[in-house]
Amino acid sequence: MNLPDRIVTDLDFQTCRPVSSGAEKWLYRPIQCLDFGFVYLVDYMGNDEAIVKAARVSYGRGTRKTTEDRGLIRYLRRHMHTTPSEMIEVKFHCKMPIFVARQWIRHRTANVNEYSGRYSEMSNEFYLPDPNVLRKQSRSNRQGRGEELTPEQKARVINLLKEDYGRGYGHYREFLGEEIDLARELARIGLSVANYTEWYWKIDLHNLLHFLALRLDPHAQYEIRVYGEAIAMIVKDAFPIAFEAFEDYTLFGMSLSRLEKEFIRENAWPISESAVQSLILQKFGNKRETEEFMVKLKELRLVI
């Protein structure tokens, strides 16, 4: 059988799977997250060059220089051509509180195998927040945190959590004891969602970057953001060109709606903050959208 020239060339120069030196250094090196949690890289498939090869399969060998590879990867990210990045896969072993896992699993684009409390006993490990992250409910964001608690309130929260965890796990152990011998799948139901679980999590690079875009956002819950930051450290080293493009165009980039672009074109800049806020509200008619656009204008330094 005669193989196409480009396949023969690839076979000649690639005698093993594509290796990422940045990924290799993170294999089986846990990064601690919160008090009992961790993340580490178990395995991976592909590297930056593999993204390029997946993209170029549609039109032959094409260019081969590293600078051109970088340009292509950045082009793919700018124009959201996602399938080449979907060819790359990474597998992590993660340990986190159950309430973090429930947020995490909302990203339905991965393969997950989780620790089972039906087959095995749950650990006596519960997330105890650092007092510095304890805050009141935000008055402007229903999902966020607001003002600081007093030192007395913080101490009260920590003490009550310790009491709850100790009581709940004590009951769990009693349920499992010989006197009751309750099935493990039922014994666990009284445990707190602060109890730790763990899983293997395998995901392609495109969907992993989407996960990071949401979980590295300053508005993401602190506890899951810690895991996002740990994973980002690994991904940045494993796929440096792809991650750089992700940072430039997605993580630290900015999108503008049709109304926002029209508003910028229609006005002379800079404008005072009070004046522009009134004008935006008149045009958009929505307080939250106005506030979000104001953040963009301040970042662009168009308001004074």
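Of the residues making up the stretch 75-105, those that are more than 16 Å from GLU125 (Cβ to Cβ) and touching a Phe, Trp or Tyr at 6+ places or on another chain (Cβ under 8 Å) are ARG77, ARG78, HIS81, ILE88, GLU89, VAL90, LYS91, PHE92, TRP104. Those helices (runs of 4 or more DSSP H) of the stretch 1-97 in which at least 2 residues are modelled with pLDDT under 95, considering only elements entirely within it, cover 5-13, 48-56, 66-78.
So which of MET233, MET254 ends up being more than 10 Å from the chain's Cα centre (by Cα) and under 25 Å from VAL112 (Cβ atoms)? The unique qualifying residue is MET233.
Considering only the stretch 75-84, I want to know if a residue exists there that is surrounded by fewer than 20 Cβ atoms within 10 Å (Cβ to Cβ), in the same structural domain as ALA238 (by TED's automatic domain parsing) and farther than 20 Å from PHE243 by Cβ.
no
Here's the yes/no breakdown for (1) of a type in the set (A, V, I, L, M); (2) assigned to a helix (DSSP H, G or I); (3) closer than 27 Å to ARG139 by Cα; (4) at pLDDT 90 or above:
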{"residue": "ILE241", "(1), (2), (3), (4)": "yes, yes, no, yes"}
{"residue": "PHE246", "(1), (2), (3), (4)": "no, yes, no, yes"}
{"residue": "TYR249", "(1), (2), (3), (4)": "no, yes, no, yes"}
{"residue": "GLU260", "(1), (2), (3), (4)": "no, yes, yes, yes"}
{"residue": "ARG265", "(1), (2), (3), (4)": "no, yes, no, yes"}
{"residue": "LEU281", "(1), (2), (3), (4)": "yes, yes, yes, yes"}
{"residue": "GLU289", "(1), (2), (3), (4)": "no, yes, yes, yes"}
{"residue": "GLU292", "(1), (2), (3), (4)": "no, yes, yes, yes"}
{"residue": "VAL295", "(1), (2), (3), (4)": "yes, yes, yes, yes"}
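Of the residues HIS81, HIS107, the single one that is closer than 30 Å to LEU186 by Cα and either without any contact (Cβ under 8 Å) to a residue 24 or more places away in the chain or not aliphatic (A, V, I, L, M) (or both) is HIS107.
The residue of the stretch 135-192 that is surrounded by the fewest Cβ atoms within 10 Å (Cβ to Cβ), among those that are acidic (Asp, Glu) and within 29 Å of ARG215 (Cα to Cα), is GLU147. Filtering the stretch 187-213 to residues that are farther than 19 Å from PRO97 by Cα and assigned to a helix (DSSP H, G or I) leaves LEU205, HIS206, ASN207, LEU208, LEU209, HIS210, ALA213.
Results for (1) at pLDDT 95 or above; (2) more than 23 Å from LEU186 (Cβ to Cβ); (3) touching a Cys at 6+ places or on another chain (Cβ under 6 Å), shown as yes or no for each residue.
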| position | (1), (2), (3) |
| --- | --- |
| GLN103 | yes, yes, no |
| VAL112 | yes, yes, no |
| SER120 | yes, no, no |
| ASN124 | yes, no, no |
| LEU128 | yes, yes, no |
| GLY144 | no, yes, no |
| GLU147 | no, yes, no |
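The values are calculated or read from the model by the stated rules, or taken from the named source; none is laboratory data. These numbers come from a predicted model, not from an experiment. For neighbour counting, all protein chains shown are included, and Cβ atoms are generated from backbone atoms with ideal geometry for every residue, glycine included.
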